[in-house]
Structures are given as C-alpha cells and as structure tokens.
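Enquirer: Right, I'll just put the structure down here and ask away after.
A short reminder: the numbers here are calculations on the coordinates, not readings from a lab. All figures in this text were calculated on a predicted structure; none of them were measured in a lab. Every residue, glycine as well, gets a Cβ built from its backbone with ideal geometry; the counts of neighbours run over all protein chains shown.
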C-alpha cells in the first residue's frame, strides 16, 4: 500500500493508478526505469536503524544492517530481505547489468553489481535510487 493511500498496489496495478499515487520523479524511476543523479538522493549518506521499503507498494526491501557507503553516489546495500527483490538481466546502453525490482509491485529500484571487492559478506552492491525507497525507523 502506498503511503497516504488505501490502494493495494502490485504488479497488476494499472499505470493510471501509479500516476495518481506516485510523485512525478517516483513514477519516472519506479515505473519508467529512470535514475536519479548521483549524490542527489536523500538516502545516499543516510544512517539510522530501520527498514527501507518500496516507495511504490510499501514492501520492506532492505534493512539498515545491510546498508553501506560504497562511494557510488546512491544508497548501497549488500543484500535484500529474502524474497523482496527480483533480478533481471538488463542489456541497455551496450552493457550487461542486473536490474533489481520490487518483487511485489515490479517497481524499478536500480541495479546490483558483483565482484567489486567491497568488504561485505556477499561482495555485492545493490545500487538503489533513493526515490524508489522510503525509510521506516525501528524506533
């Protein structure tokens, strides 16, 4: 359920409904696979204990325990909450990447990269757009 609405949102939600419940920038990123400029997102350097939920449907995607500063300009996580994120091969722009989307609503989150040598348990970097997530404090 999107914040401020009583509408249940998932992969079957019509685009007209998404346009009503998301901001213009959230729609561009979540539904049209856009990207916010590096360093512009509110969660890039953000540190607090809690969960990061899908800005579209509200599903918990990541926890603060898996967030780290990768220096890439976007929020980075080394693992998702099990079952919360789907992965899809993305061959756009002449390169092979792995797109990550919300498993419940299909909203575009960003991309996951492996083998970059970050000192975390998975050697993965989930590079996530701030506008595709909403932080929920544990307090």
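Enquirer: What number of residues within the range 103-112 satisfy the criterion of being part of a strand (DSSP E or B) and in contact (Cβ under 8 Å) with a residue 40 or more places away in the chain?
Expert: Looking only at the range 103-112, we keep the residues that are part of a strand (DSSP E or B), and these are 108-112.
With the extra rule that they be in contact (Cβ under 8 Å) with a residue 40 or more places away in the chain, the set shrinks to 108-110.
Adding up the residues that qualify gives 3.
Enquirer: What residue, of 100, 81, is without any contact (Cβ under 8 Å) to a residue 60 or more places away in the chain and assigned to a strand (DSSP E or B)? Give the steps one after another, and end with the answer.
Expert: Working: 81 fails: assigned to a strand (DSSP E or B).
Just one listed residue meets the conditions, 100.
Enquirer: While we're on this one: Give me the pairs, please: first residue somewhere in the range 113-139 and surrounded by 19 or more Cβ atoms within 10 Å (Cβ to Cβ), second residue anywhere and in a helix (DSSP H, G or I), beta-carbon distance under 6 Å, and either six or more positions apart or on two chains.
Expert: That search, which allows pairs on different chains as well, returns 129/29; 131/25; 131/26; 131/29; 132/29; 132/30.
Enquirer: Look through the range 53-100, keep the residues that are touching a helix residue (DSSP H, G or I) at 6+ places or on another chain (Cβ under 9 Å) and over 16 Å from residue 124 (Cα atoms), and return whichever of them is surrounded by the most Cβ atoms within 10 Å (Cβ to Cβ).
Expert: This residue is 56.
Enquirer: Another question, if that's okay. Going by what's in this entry, would residue 50 be described as surrounded by 20 or more Cβ atoms within 10 Å (Cβ to Cβ) and touching a helix residue (DSSP H, G or I) at 6+ places or on another chain (Cβ under 7 Å)?
Expert: On the way: surrounded by 20 or more Cβ atoms within 10 Å (Cβ to Cβ): no; touching a helix residue (DSSP H, G or I) at 6+ places or on another chain (Cβ under 7 Å): yes.
Judged against the criteria, residue 50 is not a match.
Enquirer: Applying the selection to the range 50-72, what residues are outside any strand (DSSP E or B) and in contact with a strand residue (DSSP E or B) (Cβ under 8 Å, 6 or more places away or on another chain)?
Expert: Just the residues of the range 50-72 that are outside any strand (DSSP E or B), to begin with: 55-59, 64-66, 69-72.
The answer is 55, 56, 57, 58, 59, 64, 66, 69, 70, 72.
Enquirer: Can you work out which of the residues in the range 114-135 that are more than 14 Å from the chain's Cα centre (by Cα) and in a strand (DSSP E or B) is farthest from residue 62 (Cα to Cα)?
Expert: First, the residues of the range 114-135 that are more than 14 Å from the chain's Cα centre (by Cα): 114-124.
Still in the running and in a strand (DSSP E or B): 114, 124.
Values: 114: 17, 124: 14 Å.
My answer is 114.
Enquirer: Among the residues of the range 21-39, write down those that are in a loop (DSSP other than H, G, I, E, B), touching a residue at least 40 places away in the same chain (Cβ under 8 Å) and under 18 Å from residue 77 (Cβ atoms).
Expert: Those that are in a loop (DSSP other than H, G, I, E, B), touching a residue at least 40 places away in the same chain (Cβ under 8 Å) and under 18 Å from residue 77 (Cβ atoms): 35, 36.
Enquirer: Quick check, is residue 42 surrounded by fewer than 19 Cβ atoms within 10 Å (Cβ to Cβ), in contact with a helix residue (DSSP H, G or I) (Cβ under 7 Å, 6 or more places away or on another chain), in contact (Cβ under 8 Å) with a residue 60 or more places away in the chain and farther than 13 Å from residue 132 by Cα?
Expert: On the way: surrounded by fewer than 19 Cβ atoms within 10 Å (Cβ to Cβ): yes; in contact with a helix residue (DSSP H, G or I) (Cβ under 7 Å, 6 or more places away or on another chain): yes; in contact (Cβ under 8 Å) with a residue 60 or more places away in the chain: yes; farther than 13 Å from residue 132 by Cα: no.
When the stated conditions are applied, residue 42 does not pass them.
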